[in-house]
Structure formats: C-alpha cells, structure tokens
Amino acid sequence: MVDKSSVSTVSSAAAENSVAETTRAVVQDFLAARIAGDTARLVELFADEVDWMLAENPGVPWIRPRRTGAECAAQFSELMEYTVPEDARASVDAFLVDGADAVLTGQVSGTVRATGKSFAGPFALRLTVEGGRIVRHHLYENSLSIAEACAPDQ
C-alpha cells in the first residue's frame, strides 16, 4: 500500500524543483542577454507588464519608473548611452533561487560619460519568474554613489 501523503509530498517537491529550475534558467538567460547587450532577447524575457522597482533618482537619466517589458529592456541601452561601456563592471557574489524568486547580490561599478566620474557599490536584485518570463525586477543599489557620479562639478 502506498501512503498518499508521501506521494503528495514527493509530487510537491518535484513541482517546486521544476519551478526553481525554470527560474534559474530564465535568470541565467537574462544575465547572458544583459552581458551580450541583446535588447531583443531582454524584451522576450520580460513579461508584458513588470513590477519594476528602482529607487527614483532624478539626477540619473537611466533610473526612472518602468512598467512594460520593452521599457525594462530599454534600461540596458540607456545605461550604455550614459555610461562608458568599457568601464562597466558587475560581479555576482550570490545567486539564490527559491521557487519563482531569485536574488542576486554583488558589486557594480562604472563611469558616467558626461562627467567622467566613477561610481561603485553593492547591489541586490530580486527577480520573480512566472510562465517563463520576468514579472518582478527590484534593484537595490548604491544610488548616492551613482547620483554623485552624474552630478556636474560645481
């Protein structure tokens, strides 16, 4: 005789693993598209509507509210327009997945093209994947360092 609760637990664990595997694969695809500058792929990876959160920073032109997948994907192009691509650095220290949610932490740095000033600091990125697409993108970063790098000398 098979214990139905054991079968249910195994089925639940398998489903959770499947969701986590999908999340990990989508996030890895997202990172690869960011590194490659593949905006078309980023548009495909973002859902039609995205819960986008990044602390507003009026002095930083690429940091603004976004809602659609196309707007979210465009953030990469805008970032490259306003910063020196050769100076852009990002490293991931941790990549954690729990079901549909992924959290990446690490360090980011770059140089603002207009001022020649650099910025650097830690970041944390929370992504949520549903139906194979990113529905949440919450980024926490050193916004003060970025704002200072964008500010013209007085």
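Every number here is computed from the coordinates shown, using simple stated rules; none is lab data. What you see is a predicted model; the values in this text were computed from it and never measured. We place every Cβ from the backbone using ideal geometry, glycine too, and count neighbours over all the protein chains shown.
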If Lys and Arg each add +1 and Asp and Glu each add -1, what is the summed charge of the other residues whose beta carbon sits under 13 Å from the beta carbon of GLU16?
-2
Among (i) 23, 19, 16; (ii) 36, 15, 13; (iii) 27, 18, 13, only one was calculated for this model; which label is it, if the read-out is semi-axes √(5λ) of the Cα gyration tensor in Å?
(ii)
How many angstrom lie between the Cα centre of the range 15-51 and the Cα centre of the range 81-154?
16 Å
Note, PRO122: beta-carbon cut-off 15 Å, +1 each Lys/Arg, -1 each Asp/Glu, net 0
Label-point separation in nm, VAL92 to SER77, each point 7 Å along Cα→Cβ:
2.4 nm
Largest fluctuation, LEU139, LEU96, LEU104 only, Gaussian network model of the chain with Cα springs under 10 angstrom, belongs to LEU96
